[in-house]
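Reading through the structure tokens given below for one structure.
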Amino acid sequence: MVDEQNNLSGFGVFENYKLILEDEIVTMLYLSGMVIDKKYQGKNISQEIIKNAFKQVNSDLISLRTQNIAMARSLLNLFSENLFEMPNNVNKDILKYLRKIEPFKNINEFGIIKNYYTNQLYYDLSAIKNNFNLDLTQNDVLAVVIKPNKNKEKNYLHEKNYIT
């Protein structure tokens with residue numbers, strides 16, 4: 001994403017997955033990385049990047065793994081209504097299919113992947129506990145997966161301020 005002066009404000013790296021459920025194919029956009037320039041942090045740039053990517057791909061689900069509560073909140077708050085969202089409501093049917101793809105192998109029934117990181121990325125994991133009532137250890141990662149109700153999106157795009 002660039003600002004009006006063509007300065008790079010941030011970017012996201014995404015992967016596409018297809019989950020083959022019993023009677024349907026579900027597509028999932030997975031955010032594997034995000035970088036936001038410090039001077040643009042806290043200005044909803046990550047939400048704009050995620051929303052633009054999601055609209056371009058038009059997938060059924062959108063997901064990420066993180067210890068960063070700000071990224072979890074960005075994804076969960078991006079859409080006004082979700083048909084399901086994890087970790088708040090873990091969908092057991094989709095969970096077994098998530099375990100078949102690399103980003104979510106070894107995910108438990110609470111939406112946590114135990115011992116994923118070799119080093120702790122964020123020193124204060126209390127925000128995860130306070131928001132989701134989940135205890136992460138220093139090496140754990142939280143999986144966030146939502147199925148947005150595409151007909152009820154919040155408008156976080158500020159098109160006159162940022163260009164994708």
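The values are calculated or read from the model by the stated rules, or taken from the named source; none is laboratory data. Keep in mind it's a predicted model, so treat the numbers as computed, not measured. We place every Cβ from the backbone using ideal geometry, glycine too, and count neighbours over all the protein chains shown. Remember, those area values only see protein heavy atoms, side chains included, never the ligands or the DNA or RNA. Shrake-Rupley method; radii C 1.70, N 1.55, O 1.52, S 1.80 Å.
Percent of alpha carbon pairs in the chain separated by more than 22 Å?
43 percent
Which value in nm describes the separation of the simple spin-label points at D23 and K92, placed 7 Å from the Cα toward the beta carbon?
The modelled label-to-label distance comes out at 1.9 nm.
In whole Å, what are the extents of the stretch 1-73 along the principal axes defined by its C-alpha atoms, from largest to smallest?
47, 26, 14
Can you give the extra length, in nm with one decimal, that the chain gains between N119 and E15 once fully stretched, where that is 0.36 nm per residue apart less the Cα-Cα distance?
35.1 nm
Computed FRET efficiency, Cβ-Cβ of V35 and N6, R0 22 Å: what is it to the nearest 0.05?
The pair V35/N6 has a calculated efficiency of 0.80.
Given a 1.4 Å probe and every protein chain left where it sits, what share in percent of the accessible area of the stretch 1-160 is carbon and sulfur?
It is 44 percent, rounded to a whole number.
Roughly how many Å² is the accessible area per residue of the stretch 1-155, as a whole number, for a 1.4 Å probe?
54 Å²
Say a paramagnetic label sat at a point 7 Å from the Cα of S126, along Cα to Cβ; which residues of the stretch 58-86 have their backbone N under 17 Å from it?
In the stretch 58-86, the label zone of S126 (backbone N under 17 Å from the point 7 Å along Cα→Cβ) covers 68-70.
Can you flag which of K96/K129; K96/K147; K92/K129; K55/K147; K18/K55; K39/K147 are past 20 Å Cα-Cα?
Pairs exceeding the cut-off: K96/K129; K92/K129; K39/K147.
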